[in-house]
Structures are given as structure tokens and as C-alpha cells.
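**Q** What follows is a structure written as C-alpha cells; I'll ask about it next.
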Amino acid sequence: DLIRLGTEKEIGKLVGALTEDEGIQSTLAAIVLLESLEKMADPGRSRSLGRKLDSLKVLLGSENEEVAVLAARNLGAWNVAGNDLVAVLQDESRSGAIRRGAAVGLSGFRNTRYRDTLTQLSHKGDTETRYAAMTGLVHSDLDASIGTVVQLMTEDPGKADPVPVVLAILSDRKGRHMLIGALEGVELHPNVIAKVGEFHRASGLLPPKLAK
């Protein structure tokens with residue numbers, strides 16, 4: 001990795017550089033540091049670093065979408081600011097990418113109540129929230145969530161984009177096989193097929209069942 005840090009003091013300095021007024025001003029540098037911070041996440045150290053790590057939530061409001069997404073993923077990886085991530089996930093004014101980042105963050109919590117929240121949101125509310133929540137569930141337990149994802153894809157997605165949750169499934173080494181199996185005998189909604197089919201024509205990444 002470009003940067004290898006590990007002690008609590010070093011992590012604290014890194015977080016400070018990302019969040020304090022006199023800290024890093026370069027968006028690219030912030031992205032690199034956030035990626036490094038996520039890789040060294042250790043929820044076991046969150047208690048002693050909690051207040052410092054909690055300050056990362058200021059980046060959820062970043063004008064740069066990638067920074068906001070990485071901030072959400074870091075908060076989850078370090079198991080801090082869960083309620084803030086739930087609020088972002090449910091905020092319909094946020095972009096789909098940021099809401100999915102919040103869902104992925106919530107999937108990383110050791111406390112199962114946040115995964116329970118993801119499960120609840122995947123079954124109720126607007127379709128965009130349901131798809132975002134499903135992305136988090138796929139990250140935390142693909143085996144348990146694959147059936148719910150496929151069921152969701154039998155419904156009209158409306159403004160929601162089903163492609164990111166499909167890609168989240170395919171990113172798992174067994175995801176393609178599981179998705180193909182789960183799709184057997186299932187009639188997907190025409191608008192789901194249209195959206196993922198358009199993506200497939202540009203990328204060639206999807207199983208034939210989704211590539212119509």
C-alpha cells in the first residue's frame with residue numbers, strides 16, 4: 001500500500017488531516033488516505049479512537065461523492081456513527097452511490113441491530129432505499145440475501161438502479177453461480193431487465209439471464 005499506518009496516534013493524525021480545517025485540501029489525497037484508513041480498520045480499537053473516528057462523519061457531507069462514499073464505508077468498517085449512516089441511507093436527497101456507501105458501512109458493524117435495520121429497509125419504503133439497503137445485505141451475507149434481491153427484481157424498480165446490487169453479488173467469488181441459480185424460474189420485471197441489459201451491452205459482465 002502507498003501508506004501504512006497503524007498506531008492509535010498515527011491513525012488519529014490521519015483522521016485529523018482528513019477532517020480538520022487546516023488539514024488536507026486535495027480531494028485526490030483525501031481519497032487515497034480514506035482508502036488506506038479503511039484497509040487498516042479494526043473495530044476492536046474503536047473504543048479508544050471513537051471520538052476521533054466519529055469526526056469522519058463530517059465528510060458525509062463532502063461535495064465530492066467519492067469522498068462521502070469512502071467516509072461512510074470507513075465509519076462502518078470502524079463501527080462508529082451507525083445512526084448517522086442510517087440517516088444517510090434513508091435520505092432521499094442523497095445520491096444512490098452515497099446511500100449505498102452508507103448501507104455497505106452498516107453491513108460492517110458487529111452490532112447486529114444495524115443489519116436488522118438493513119433488513120427492515122430492504123422490505124419497506126421507497127424502491128431506491130430498498131435497493132441501497134440490499135447492497136449492504138449482499139456485502140454482509142450473500143447466502144441469506146440473494147433470494148430477497150431476486151424477489152425485489154420482480155418488481156418495478158422505478159427510479160432505482162438495480163445494476164449496483166447485481167455487481168455487488170458478482171463481486172463475490174460465488175456470486176455469479178448463486179445469482180444464476182436464484183434466477184431459475186423467476187420472471188424479472190421488464191424495467192429491471194431493460195436497465196441491467198443496457199449495462200451489459202456496454203460491459204458484457206452479466207449472466208445471460210440478465211443480459212436480455
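**Q** How much accessible area per residue does the chain have, counting only protein heavy atoms and a probe of 1.4 Å, in square angstrom? If you can, show how the numbers build up before the last one.
**A** Numbers: 10710 Å² over 212 residues.
Heavy-atom SASA per residue in the chain reads 50 Å².
**Q** So what's the gap between the Cα centers of the range 129-202 and the range 13-41, to the nearest angstrom?
**A** Distance between centres, Cα-based: 33 Å.
**Q** If you don't mind, another one. Kindly provide the trypsin sites (Lys or Arg not before Pro) of the range 42-149 that DSSP labels as loop, not H, G, I, E or B, and whose Cβ sees at most 16 other Cβ atoms within 10 Å.
**A** R110, K124
**Q** Given (1) 33, 17, 16; (2) 30, 21, 16; (3) 32, 25, 18, which label gives semi-axes √(5λ) of the Cα gyration tensor in Å as computed from the coordinates?
**A** Entry (1).
**Q** Where in the range 109-130 does the label zone of D156 land, with the point 7 angstrom along Cα→C-beta and an amide N cut-off under 15 Å?
**A** Once the point is set 7 Å along Cα→Cβ of D156, 126-128 turn out to lie under 15 Å by backbone N, inside the range 109-130.
**Q** What is the percent carbon and sulfur in the accessible area of the range 125-212, measuring with a 1.4 Å probe over the protein chains and ignoring ligands? Please list the in-between numbers first.
**A** Working: 2160 of 4260 Å².
Solvent-exposed carbon and sulfur of the range 125-212 make up 51 percent of the total.
The values are calculated or read from the model by the stated rules, or taken from the named source; none is laboratory data. Everything quoted here is computed from the prediction, not taken from an experiment. Every residue, glycine among them, receives a Cβ derived from its backbone with ideal geometry; neighbour counts consider all protein chains shown. The protein model used for the area step is the full one, side chains on, heavy atoms only, and it has no ligands, DNA or RNA in it. Shrake-Rupley method; radii C 1.70, N 1.55, O 1.52, S 1.80 Å.
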